[in-house]
1. Evaluate the Debye formula for the range 36-114 with equal point scatterers sitting on the alpha carbons, no solvent, and hand back log10 of I(q)/I(0) at q = 0.23, 0.26 Å⁻¹, in q order, two decimals.
2. Taking H placed 1.01 Å from N in the peptide plane, check which residues at least 5 places from Asp37 or on another chain put their amide H under 5 Å from its amide H.
3. Give the Debye-formula value of log10 I(q)/I(0) at each listed q (0.12, 0.28 Å⁻¹), with one equal scatterer per alpha carbon of the range 80-135, two decimals each.
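No lab work stands behind these numbers, since they all come straight from the coordinates. For clarity, every value in this text was computed on a predicted model and none was experimentally measured.
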Amino acid sequence: MRFTVYCAIECLFVVMNSQVTSTQDWWTTKSHYVLEDGDELYAQCQSAAETVKLGEGENADMKPTASRTDILQTGVCWGYIKGVVDSIPAGEGFHPDANVRISQYVDIVTEYLRKNPNRRQQPAYFLARTAVTEAFPENSTRH
């Protein structure tokens, strides 16, 4: 229950602070507000990986040793990435399979950040969007 509340709060925060335009290039070429960089998101998502046990579907249980900080970091990571994915307009270089779960997006972004430490000083939104659009490009054959 607490996990769901934390995710909902973080999603609301991301949505309220997002500025979306209609062209593909806006997120790579225009200046925008940055509240979090890749290092911060990576730290939160590493904490999430150590805190959450995934069950069937999207059922997630906190490990018994999880602290309140661990739970909050998990909610921030998952909520931030969910907000990024939800903010990508259809037809802008992103075509995931309908069955992709939020946990998979979290894994994709976390792995991208792990493999690209030299880019983590960039805005978290840019890095998360890059990770998921590279994983599920518009011209892919996934359906």
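1. -1.14, -1.34
2. Residues meeting the criterion, in which the H sits 1.01 Å from N, are Ala124.
3. -0.24, -1.27
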